[in-house]
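Structure first, commentary second.
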């Protein structure tokens, strides 16, 4: 094991929110570092914190730290730089589950393949959790293995319930009981012989299976006594009574679900599988969709949503009391409890800011102690930057839009337009190193939550269905026009920098409004919609969802439309310098999307540059790749906005 010593300023008992004076412009490398730790989780007894450590190299590590101390010890280091750690879970106080994945390209499709490991807190007894092959022939079950945990079995410290597939079940999933020390497995509940997934209750005593056929979702309850599945309910996605199951409650045969059926904003309800009807509303916010739940000892204790900043609403009295204490202690720092031990006396708190990176703090209620555990961006510590400000305006068709602008009060700053990815995601007010890299270099940054963005209700999102390159694109352009009208930045000197779907927005602008901006940057961007849908489509169900949300590929007319709004097919319109950045390990938007655009541009001798980053994921989540991408992007923008 290796010790990682990190020097930080410890803040005990009192927590200062005093800012620091702005320093001279920082190099792009100061902004390209990944958060130094990710995904921290507190052991059940509160003695340890496990986390993912992002080293200067391309590989990730799992580290352990005593609670309240910055003494990181490496217990596991990934060997392959294309692997990424997805999640950490404590099985008990001694053993940890590590979920990881790696890219795989086969049969014309791309995906990340999951892996699951168990390891002791001292790094010993490392074991990969997977099913034993049943034959010597070809076995494709590894493609569907990994982190599909049905229950952590809190009353059984040696086992978990895991969804896995095998050739014996025609590669449909079953539920297996796995020993996390030996790796031994036994079938717990058989396959439903259909595409499906499973939901456990908080104790692992009951299992609900959900089959997915086209847009139909059917629910089955596993009856262990009679060893059979019993159908208990169904619904049709995108139609009446659709919902997303979160947790099963066996005592009254109900599901905790997220749904849009009781209002425009996604809510949490209790749904009866006996009567196929809604029972009790548990949480709703009038402005924003619920994102998820907090569960402890079999009970739902709180709910998460995003306003401008991430928010949490605890309903259990003990948790409400602790969150109130945290908010009073960390005033003005937008704190949220993100982890805790079994007693809920040792808390891990994350703070959020519009002008500075996030931090992790520890709070030990029993010993009345607390302090800074980890500053996530050490190179940006003790620096202040212009705050990201919420904006609201009407699109050209009077649709109400929101977003964010960073200009530091300087209306002369050139404008960098940064549309978000997804497109079914959203921008927030939380500090982002990429955005503030441009701000630090003297630019204003505009982000528009165009229609189709998620988190603002079903209507806001649904207004973007089928609107790639159309109303969603126009919303971004309307945002630029609003900034110009309000004289908030210099839109005559501007560039579009987008990632993923945002890269599509940039390339569409480059080929459809080719002279409106000085330059265009696409990071992991889409250039050919028909090709991306074909490459990443996993099932007929996914195809049906794509047809609703993106566009109809089942008709020649639909395919022709998607081709017409694909930037690669309008390459001849491009006039301004355009930069493509793509990772070769991207399975969300494969690098062919940038390669083909670049190849087409070369035929016309157009000003297009391509940077391919070896083994880079869709998020370019290794420090070497981030550094290369950010350095090239800021250099390109500076070169073309003068």
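The values are calculated or read from the model by the stated rules, or taken from the named source; none is laboratory data. Remember, predicted model here, so these are calculated numbers, not experimental data. Glycine gets a Cβ as well: all are built from the backbone with ideal geometry, and neighbour counts include every protein chain shown.
Return only the number of the condition from (1) within 28 Å of residue 601 (Cβ to Cβ); (2) at pLDDT 95 or above that residue 482 does not satisfy.
Among (1) within 28 Å of residue 601 (Cβ to Cβ); (2) at pLDDT 95 or above, the lone unmet condition for residue 482 is (1).
Hey, can you tell me all the residues within the range 204-226 that are farther than 20 Å from residue 244 by Cα and either touching a helix residue (DSSP H, G or I) at 6+ places or on another chain (Cβ under 6 Å) or assigned to a loop (DSSP other than H, G, I, E, B) (or both)?
Hits for the range 204-226 are 205, 224, 225, 226.
Mind checking which residues of the range 285-314 are in a loop (DSSP other than H, G, I, E, B), out of contact with any strand residue (DSSP E or B) (no Cβ under 6 Å at 6 or more places or on another chain) and under 27 Å from residue 201 (Cα atoms)?
If the condition is that a residue be in a loop (DSSP other than H, G, I, E, B), out of contact with any strand residue (DSSP E or B) (no Cβ under 6 Å at 6 or more places or on another chain) and under 27 Å from residue 201 (Cα atoms), then 289, 297, 298 are the ones that fit.
Given the options 634, 571, 641, 565, name the one that is in contact (Cβ under 8 Å) with a residue 12 or more places away in the chain and touching a strand residue (DSSP E or B) at 6+ places or on another chain (Cβ under 7 Å).
641
Condition first: in contact with a strand residue (DSSP E or B) (Cβ under 9 Å, 6 or more places away or on another chain), crowded, with 17+ Cβ neighbours inside 10 Å and in a strand (DSSP E or B). Can you find one or more residues in the range 316-334 that meet it?
no
Which residue pairs have Cβ atoms under 6 Å apart, sit 6 or more places apart or on different chains, and have a first residue in the range 545-562 that is closer than 17 Å to residue 463 by Cβ and a second that is assigned to a helix (DSSP H, G or I) and at pLDDT 80 or above?
Matching pairs, first to second residue: 551/558; 551/562.
Here are some residues: 606, 610, 579. Which one is without any contact (Cβ under 8 Å) to a residue 40 or more places away in the chain, surrounded by 17 or more Cβ atoms within 10 Å (Cβ to Cβ) and within 25 Å of residue 103 (Cα to Cα)?
Exactly one of 606, 610, 579 is without any contact (Cβ under 8 Å) to a residue 40 or more places away in the chain, surrounded by 17 or more Cβ atoms within 10 Å (Cβ to Cβ) and within 25 Å of residue 103 (Cα to Cα), namely 610.
Give me the residue from the range 170-196 that is farther than 19 Å from residue 228 by Cβ and assigned to a strand (DSSP E or B) and, out of that set, modelled with the highest pLDDT.
Looking at the filtered set, the residue picked out is 179.
Need the failing condition index for residue 261 against (1) under 30 Å from residue 188 (Cα atoms); (2) modelled with pLDDT under 85; (3) surrounded by 17 or more Cβ atoms within 10 Å (Cβ to Cβ), just the number.
Result: residue 261 fails condition (1) only.
Checking residue 104 against (1) under 24 Å from residue 370 (Cα atoms); (2) modelled with pLDDT under 85, only one condition comes out false. Which one?
(1)
Touching a strand residue (DSSP E or B) at 6+ places or on another chain (Cβ under 8 Å) and part of a helix (DSSP H, G or I): is that true of residue 594 in this structure?
yes
Does residue 447 satisfy the condition of being under 20 Å from residue 505 (Cβ atoms) and free of Cβ contacts under 8 Å to residues at least 60 places away in the same chain?
Here the answer is yes, as residue 447 does meet what is asked.
Test each condition in (1) assigned to a strand (DSSP E or B); (2) closer than 27 Å to residue 454 by Cβ for residue 262 and report the one that comes out false.
Going through the list (1) assigned to a strand (DSSP E or B); (2) closer than 27 Å to residue 454 by Cβ, residue 262 breaks only (1).
Output the number of the condition that residue 379 fails; it satisfies all remaining conditions of (1) over 27 Å from residue 525 (Cα atoms); (2) in contact with a helix residue (DSSP H, G or I) (Cβ under 7 Å, 6 or more places away or on another chain); (3) assigned to a loop (DSSP other than H, G, I, E, B).
Here residue 379 clears every test but (3).
Among the residues of the range 461-504, how many are crowded, with 24+ Cβ neighbours inside 10 Å, under 20 Å from the mean Cα position of the chain (by Cα) and not in a strand (DSSP E or B)?
Counting residues in the range 461-504 that are crowded, with 24+ Cβ neighbours inside 10 Å, under 20 Å from the mean Cα position of the chain (by Cα) and not in a strand (DSSP E or B) gives 3.
Since residue 551 meets every condition but one in (1) in the same structural domain as residue 454 (by TED's automatic domain parsing); (2) surrounded by 20 or more Cβ atoms within 10 Å (Cβ to Cβ); (3) touching a helix residue (DSSP H, G or I) at 6+ places or on another chain (Cβ under 9 Å), which condition does it not meet?
The one condition residue 551 does not meet is (1).
When the residues of the range 412-444 are narrowed to those that are in contact (Cβ under 8 Å) with a residue 60 or more places away in the chain and assigned to a strand (DSSP E or B), which ends up surrounded by the fewest Cβ atoms within 10 Å (Cβ to Cβ)?
The residue in question is 414.
State yes or no: is residue 388 exposed (fewer than 14 other Cβ atoms within 10 Å of the Cβ) and either out of contact with any strand residue (DSSP E or B) (no Cβ under 9 Å at 6 or more places or on another chain) or under 20 Å from residue 354 (Cα atoms) (or both)?
Here the answer is no, as residue 388 does not meet what is asked.
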